[in-house]
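These notes are about the structure you will find just below.
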Amino acid sequence: MEYPEDSALLSRLLSGEESAYRELVATYQGSMRAVALAIVGSRNSDEVVQDAWLAVVNSLKGFQGRSSLKTWLLTITANTAKTRLKHNRREVLMDDLPGPHGTIGDDRFADDGHWLMAPHEWHQDTPEAMLLQNELRECLEKTLGSLSNMQSSVLVLRERQGLELEEICNLLDISLSNVRVLLHRARLKMFATLEHFEETGQC
Amino acid sequence: MLSCKELVANSSDYLDNRLSLSRGLEVRLHLTLCVNCRRFIRQMKISQAVYRKMQLEKAEDLDGLAQKLADAQRSSD
């Protein structure tokens, strides 16, 4: 097998070991949901994820290890979602709704491209210290909630699951330039919220 | 030379290592000279780290799901 880190988990999964399934679910549920959300939208994503899990269990014995477990799981999820969609052709959703604290937009720069309002030094600058503040956490959740399905899915797959941009393109059937734009917009909105909170102390 | 505005526009590609060789050099040169953009990139990285550490999964019954899947696997033998 080309992915030795998967093989120990795989044999535990095949023997039906419950702790192995807990590990699998905890590691991949979020990304599977992100894939489903991007393709079928929020109304059907839970069902797609459930169907995908059952398909995973049913085909586990035939898994050859030619790809990583991660790629295999997310591909099954994408295929399950695309089957669900078969009849309605999907347009790439590039909606960009304004985030609660905006973004780093043109208004931050002078005509010559220099900063008009440059970022200030932040008081807290370790993620651990920042996340201890409940209000900030809630505030960031609000911003995440304001992202389009595509933006939030791309963010999960890249930042949390660490997928390469090309893998994201293939799973979601969108172009590389779309992935880059979606990711950039999402990151700038998160940045704008953190910056706003650091400067005002409130959401 | 790259402006600050252009640097910000290229910042995600920079963080993902997706810039062409020449654009990558322009970005690094700009960063050696511009304290504001250095701070911006540093804060973008902090913001990525914050996002990675956030607990996103709601109080969902993941253990219940795991048990269901393990049962399904065992009963398929």
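A few remarks follow.
- Among the residues listed as A:V179, A:V156, the single one being within 11 Å of chain B (Cβ to nearest Cβ), under 14 Å from the mean Cα position of the chain (by Cα) and either farther than 21 Å from B:K53 by Cα or aromatic (F, W, Y) (or both): A:V179
Here is a yes/no grid of residues against (1) more than 24 Å from A:L194 (Cβ to Cβ); (2) in contact with a Leu (Cβ under 6 Å, 6 or more places away or on another chain); (3) surrounded by fewer than 19 Cβ atoms within 10 Å (Cβ to Cβ); (4) among the charged types (D, E, K, R):
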{"residue": "B:M1", "(1), (2), (3), (4)": "yes, no, yes, no"}
{"residue": "B:S12", "(1), (2), (3), (4)": "no, yes, no, no"}
{"residue": "B:C34", "(1), (2), (3), (4)": "no, no, no, no"}
{"residue": "B:R38", "(1), (2), (3), (4)": "no, yes, yes, yes"}
{"residue": "B:V50", "(1), (2), (3), (4)": "no, no, no, no"}
{"residue": "B:L62", "(1), (2), (3), (4)": "yes, no, yes, no"}
{"residue": "B:L69", "(1), (2), (3), (4)": "yes, no, no, no"}
{"residue": "B:A72", "(1), (2), (3), (4)": "yes, no, yes, no"}
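- In region B:18-63, residue farthest from the chain's Cα centre (by Cα) [restricted to those that are closer than 28 Å to A:S153 by Cα and small (G, A, S)]: B:A59
- Checking each residue in region B:13-50 for being touching a residue at least 12 places away in the same chain (Cβ under 8 Å), within 19 Å of A:D106 (Cα to Cα), within 9 Å of another protein chain (Cβ to nearest Cβ) and not aromatic (F, W, Y) picks out B:C34, B:N36, B:C37, B:M44.
- Residue within region A:91-112 that is touching a residue at least 40 places away in the same chain (Cβ under 8 Å), closer than 21 Å to A:L163 by Cβ and either small (G, A, S) or in a helix (DSSP H, G or I) (or both) present: no
- Screening A:Q124, A:Q50 for residues that are touching a residue at least 60 places away in the same chain (Cβ under 8 Å) and not β-branched (V, I, T) leaves exactly one candidate, A:Q124.
- Selected residue (only one of A:R187, A:R160, A:R180 is surrounded by 13 or more Cβ atoms within 10 Å (Cβ to Cβ) and in contact with a Gly (Cβ under 7 Å, 6 or more places away or on another chain)): A:R160
- Among residues of region A:4-29 being surrounded by 14 or more Cβ atoms within 10 Å (Cβ to Cβ) and among the acidic types (D, E), the one that is nearest to the other protein chains (Cβ to nearest Cβ) is A:E18.
- Within region A:162-176, tally of residues that are farther than 17 Å from B:N17 by Cα and either charged (D, E, K, R) or within 11 Å of chain B (Cβ to nearest Cβ) (or both): 1
- Restricting region A:113-147 to residues that are surrounded by fewer than 18 Cβ atoms within 10 Å (Cβ to Cβ) and of a type in the set (S, T, N, Q), the residue that is farthest from A:P100 (Cα to Cα): A:T126
- Subset of region A:56-70 that is in contact (Cβ under 8 Å) with a residue 40 or more places away in the chain and either under 17 Å from B:L69 (Cβ atoms) or within 12 Å of another protein chain (Cβ to nearest Cβ) (or both) - its residue that is surrounded by the most Cβ atoms within 10 Å (Cβ to Cβ): A:L69
Laboratory data are not the source of any read-out in this text; all were calculated from the coordinates shown. Just so it is clear, the model here is predicted, and its values are computed rather than measured. Cβ atoms come from the backbone with ideal geometry, glycine included; neighbour counts cover every protein chain shown.
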